[in-house]
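The structure appears right after this line, and notes come after that.
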Amino acid sequence: HLILLWNMTPEPSYEVSQLLAEVYQKYAPTLFKYEGKENQEKYLNRFANHVLNSGKFGKLVARQFPCQVNYTVDNYLTLLNTISSYFNLEPQIKNNLFAGLREKIINNCGDNLELFYLSACQVTRKI
C-alpha cells in the first residue's frame, strides 16, 4: 500500500489575503499567493492522477477534510518563517515584510487570525 497524508498550506480568507497583498507588493511581491480551497483540491487531485498514471498503483481512495485554525499574529509569522521562500529572504526584507504583515493583521483582524486549509489522505495499492 501507499498512504499519503497531506496538510496544505494554511492561509487566511480571500478578503484578508487581499489586504495582506498590499504589504507583499511593497516588500516581496513574488511571495504573495492565495490558493484557496479550489486550488488546493486541484493540487491534491493532480498528484493523485500522477500516482495513478504511473502505472504502478491501482484504485486510489482519497478523502479531503476542510480545516480551520486560529493563530495569533506571532504564531502566523512563525509559520510563514518555516516556508523556504520566507526562510531565505534577506533579513532586512523579511523584517520589513513581517512588520508590515503584523501591522496590517492587527489593524484589520486584531491578534487572532483565522486560517483555512485542506487535510487529505490518499490510499492506493501497488499493482
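The values are calculated or read from the model by the stated rules, or taken from the named source; none is laboratory data. In this text the structure is predicted, and so the values were computed from the model without any measurement. For neighbour counting, all protein chains shown are included, and Cβ atoms are generated from backbone atoms with ideal geometry for every residue, glycine included. The area values use the complete protein model at the heavy-atom level, side chains included, leaving out ligands, DNA and RNA. Shrake-Rupley method; radii C 1.70, N 1.55, O 1.52, S 1.80 Å.
Out of the residues in segment 14-29 meeting the condition of being in contact (Cβ under 8 Å) with a residue 24 or more places away in the chain and open to solvent by 60 Å² or more (accessible area, probe 1.4 Å), tell me which one is nearest to G110 (Cα to Cα).
Taking segment 14-29 first, the residues in contact (Cβ under 8 Å) with a residue 24 or more places away in the chain are 16, 19-20, 22-24, 26-28.
Subsequent filtering for residues that are open to solvent by 60 Å² or more (accessible area, probe 1.4 Å) retains 22, 26-27.
Values: E22: 18, K26: 22, Y27: 22 Å.
This residue is E22.
When Y43 is tested against (1) surrounded by 12 or more Cβ atoms within 10 Å (Cβ to Cβ); (2) under 30 Å from I127 (Cα atoms); (3) touching a helix residue (DSSP H, G or I) at 6+ places or on another chain (Cβ under 9 Å), just one condition goes unmet, and that condition is (3).
Would you please name the residue that is surrounded by the most Cβ atoms within 10 Å (Cβ to Cβ), looking only at residues in segment 103-123 that are among the polar types (S, T, N, Q) and in a helix (DSSP H, G or I)? First the steps, then the outcome.
Keep residues of segment 103-123 that are among the polar types (S, T, N, Q), which gives 107-108, 112, 119, 122.
Keeping just the survivors that are in a helix (DSSP H, G or I) gives 107-108.
Values: N107: 9, N108: 12.
Per the criteria, the residue is N108.
Checking each residue in segment 82-102 for being open to solvent by 50 Å² or more (accessible area, probe 1.4 Å), part of a helix (DSSP H, G or I) and in contact (Cβ under 8 Å) with a residue 12 or more places away in the chain picks out S85, I93, N96, R102. The condition of being at pLDDT below 95, charged (D, E, K, R) and loosely packed, with under 11 Cβ neighbours inside 10 Å holds for only one of K59, K33, that being K59.
Pick from L52, L101: which is of a type in the set (A, V, I, L, M) and modelled with pLDDT of 95 or more?
It is L101.
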